[in-house]
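Visitor: One structure follows; several queries about it will come next.
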Amino acid sequence: MSQEALIVVDMQRDFMPGGALPVPEGDKIIPKVNECIKKFQKRGALIVATRDWHPENHISFKERGGPWPKHCVQNTPGAEFVVEIPENAVVISKATEPDKEAYSGFEGTELDEILRKNGVERVYVCGVATEYCVKATAMDALKLGYETYVIVDAIKGIDPEGEKRALEELQKAGAKLIECENL
């Protein structure tokens, strides 16, 4: 049987209401993401948590001409996880270089090598924000040949229209949509 992995995307304090770059009602999916994590732990699946881990002077920040306010700066409270990440989870830090942006958990990281080393063929993606890092991570998983599922009740987007478009694009590309209760 092929191995599976749960990829929890960017469930960090700065992306929650009250954070530097909040996803509206992003905190509402915390219980569902935690439920998914527990289900995958019980199944013995690999659990991966991606995080923005920006240096102080990251290219995506407005101060450097980027589109975003300063967020998820390395070793700050805003970069902390807000879900229950197990001790044996693989933590993937992305966008760690000042001059390189990264939305996908695969971009500039060892995520693909880690999944392959663990025999993973099927990935399940949850987290925030649907239109950005969730979509980019799931699209890259598809491009790399993984059977890819998006857990629709454990993701949250910036706006409903953008979220709908992102999910349509993902489905067209081959991702399957699933709910946590059906895992």
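The values are calculated or read from the model by the stated rules, or taken from the named source; none is laboratory data. The structure presented is a predicted model; accordingly, all values stated were derived computationally and were not measured. Here the Cβ positions follow ideal geometry from the backbone for every residue, glycine too, while neighbour counts run over all protein chains shown.
Visitor: Return the total of residues in the range 87-115 being free of Cβ contacts under 8 Å to residues at least 24 places away in the same chain and outside any loop (DSSP other than H, G, I, E, B).
Guide: Residues meeting the conditions: 1.
Visitor: If I filter the range 44-68 down to residues being part of a helix (DSSP H, G or I) and of a type in the set (Lys, Arg), which single residue comes out as farthest from ILE158 (Cα to Cα)? Can you show your working first?
Guide: Initially, the range 44-68 is screened for residues part of a helix (DSSP H, G or I), giving 62-64.
Going one step further and asking which of them are of a type in the set (Lys, Arg), we end up with 62, 64.
Numbers: LYS62: 19, ARG64: 23 Å.
Ranking the qualifying residues of the range 44-68, first place goes to ARG64.
Visitor: OK, next. So, in the range 139-158, how many residues would count as being more than 18 Å from VAL33 (Cα to Cα) and part of a loop (DSSP other than H, G, I, E, B)?
Guide: Step one: of the range 139-158, the residues more than 18 Å from VAL33 (Cα to Cα) are 139-147.
Then drop every residue that is not part of a loop (DSSP other than H, G, I, E, B), which leaves 144-146.
Number satisfying all stated conditions: 3.
Visitor: Quick test for you: out of LEU183, LEU177, LEU142, pick the one residue that is hydrophobic (A, V, I, L, M, F, W, C) and touching a Ser or Thr at 6+ places or on another chain (Cβ under 9 Å). Before the answer, list the steps.
Guide: Details: LEU183 fails: touching a Ser or Thr at 6+ places or on another chain (Cβ under 9 Å); LEU177 fails: touching a Ser or Thr at 6+ places or on another chain (Cβ under 9 Å).
Selected residue: LEU142, the only one of LEU183, LEU177, LEU142 that is hydrophobic (A, V, I, L, M, F, W, C) and touching a Ser or Thr at 6+ places or on another chain (Cβ under 9 Å).
Visitor: Which one is surrounded by the most Cβ atoms within 10 Å (Cβ to Cβ) among residues in the range 141-154 that are within 25 Å of GLU113 (Cα to Cα) and in contact with a Gly (Cβ under 8 Å, 6 or more places away or on another chain)? Before you say what the answer is, go through the steps one by one.
Guide: Applying the first criterion (within 25 Å of GLU113 (Cα to Cα)) to the range 141-154 yields 141-151.
If we keep only those that are in contact with a Gly (Cβ under 8 Å, 6 or more places away or on another chain) too, we end up with 142, 148.
Working: LEU142: 16, THR148: 23.
Residue satisfying both the conditions and the ranking: THR148.
Residue-wise test of (1) touching a strand residue (DSSP E or B) at 6+ places or on another chain (Cβ under 7 Å); (2) charged (D, E, K, R); (3) surrounded by 24 or more Cβ atoms within 10 Å (Cβ to Cβ); (4) modelled with pLDDT under 95.
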position	(1), (2), (3), (4)
VAL8	yes, no, yes, no
ARG13	no, yes, no, no
ALA20	no, no, no, no
GLU25	yes, yes, no, no
GLU35	no, yes, no, no
LEU46	yes, no, no, no
TRP53	yes, no, no, no
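Visitor: Hey, among the residues in the range 1-43 that are outside any helix (DSSP H, G or I) and in contact with a Leu (Cβ under 9 Å, 6 or more places away or on another chain), which one's nearest to GLU80 (Cα to Cα)? Working first, answer last.
Guide: First, the residues of the range 1-43 that are outside any helix (DSSP H, G or I): 1-12, 16-25, 43.
Now narrow it down to the ones that are in contact with a Leu (Cβ under 9 Å, 6 or more places away or on another chain): 3-7, 43.
Details: GLN3: 28, GLU4: 25, ALA5: 22, LEU6: 19, ILE7: 17, ARG43: 26 Å.
My answer is ILE7.
Visitor: Does LYS62 satisfy being in contact with a Phe, Trp or Tyr (Cβ under 8 Å, 6 or more places away or on another chain), of a type in the set (Lys, Arg) and loosely packed, with under 15 Cβ neighbours inside 10 Å?
Guide: Working: in contact with a Phe, Trp or Tyr (Cβ under 8 Å, 6 or more places away or on another chain): yes; of a type in the set (Lys, Arg): yes; loosely packed, with under 15 Cβ neighbours inside 10 Å: yes.
It is true that LYS62 is in contact with a Phe, Trp or Tyr (Cβ under 8 Å, 6 or more places away or on another chain), of a type in the set (Lys, Arg) and loosely packed, with under 15 Cβ neighbours inside 10 Å.
Visitor: May I ask you to list the residues in the range 1-44 that are touching a residue at least 60 places away in the same chain (Cβ under 8 Å), touching an Asp or Glu at 6+ places or on another chain (Cβ under 7 Å), at negative phi and not hydroxyl-bearing (Ser, Thr, Tyr)? It would help to see each step written out before you state the result.
Guide: Pass one, the range 1-44, residues touching a residue at least 60 places away in the same chain (Cβ under 8 Å): 2-16, 23-26, 28-29, 32-33, 35-36, 39-40.
If we keep only those that are touching an Asp or Glu at 6+ places or on another chain (Cβ under 7 Å) as well, we get 2-3, 10, 12-13, 16, 32.
Cutting the leftovers down to at negative phi gives us 2-3, 12-13, 16, 32.
GLN3, GLN12, ARG13, MET16, LYS32 - these are the residues of the range 1-44 that are touching a residue at least 60 places away in the same chain (Cβ under 8 Å), touching an Asp or Glu at 6+ places or on another chain (Cβ under 7 Å), at negative phi and not hydroxyl-bearing (Ser, Thr, Tyr).
Visitor: Could you tell me which numbered condition GLU161 fails, if it satisfies all but one of (1) in contact (Cβ under 8 Å) with a residue 24 or more places away in the chain; (2) in a helix (DSSP H, G or I); (3) surrounded by fewer than 22 Cβ atoms within 10 Å (Cβ to Cβ)?
Guide: So GLU161 meets the others, but not (1).
Visitor: Could you tell me whether SER104 is closer than 23 Å to VAL152 by Cβ and of a type in the set (Gly, Ala, Ser)? If you could, list the steps in order and put the result at the bottom.
Guide: Details: closer than 23 Å to VAL152 by Cβ: yes; of a type in the set (Gly, Ala, Ser): yes.
Yes; evaluated as a whole, the condition is true for this residue.
Visitor: Give me a count of the residues in the range 74-121 that are more than 19 Å from ILE29 (Cβ to Cβ), in contact with a Ser or Thr (Cβ under 6 Å, 6 or more places away or on another chain) and modelled with pLDDT of 95 or more. Can you show your working first?
Guide: From the range 74-121, those more than 19 Å from ILE29 (Cβ to Cβ) are 74-77, 87-88, 90-102, 104, 106-121; that's our starting set.
This time we only want the ones that are in contact with a Ser or Thr (Cβ under 6 Å, 6 or more places away or on another chain), so: 92, 94, 101, 104, 121.
Remaining after also requiring modelled with pLDDT of 95 or more: 92, 94, 104, 121.
Of the residues in that region, 4 qualify.
Visitor: Please verify whether the range 75-85 includes one or more residues that are within 11 Å of the chain's Cα centre (by Cα), under 19 Å from PHE40 (Cβ atoms) and either crowded, with 18+ Cβ neighbours inside 10 Å or touching a residue at least 60 places away in the same chain (Cβ under 8 Å) (or both). Steps first, please.
Guide: As a first pass, look at the range 75-85 and keep what is within 11 Å of the chain's Cα centre (by Cα): none.
No, there is no match, as no residue in the range 75-85 is within 11 Å of the chain's Cα centre (by Cα), under 19 Å from PHE40 (Cβ atoms) and either crowded, with 18+ Cβ neighbours inside 10 Å or touching a residue at least 60 places away in the same chain (Cβ under 8 Å) (or both).
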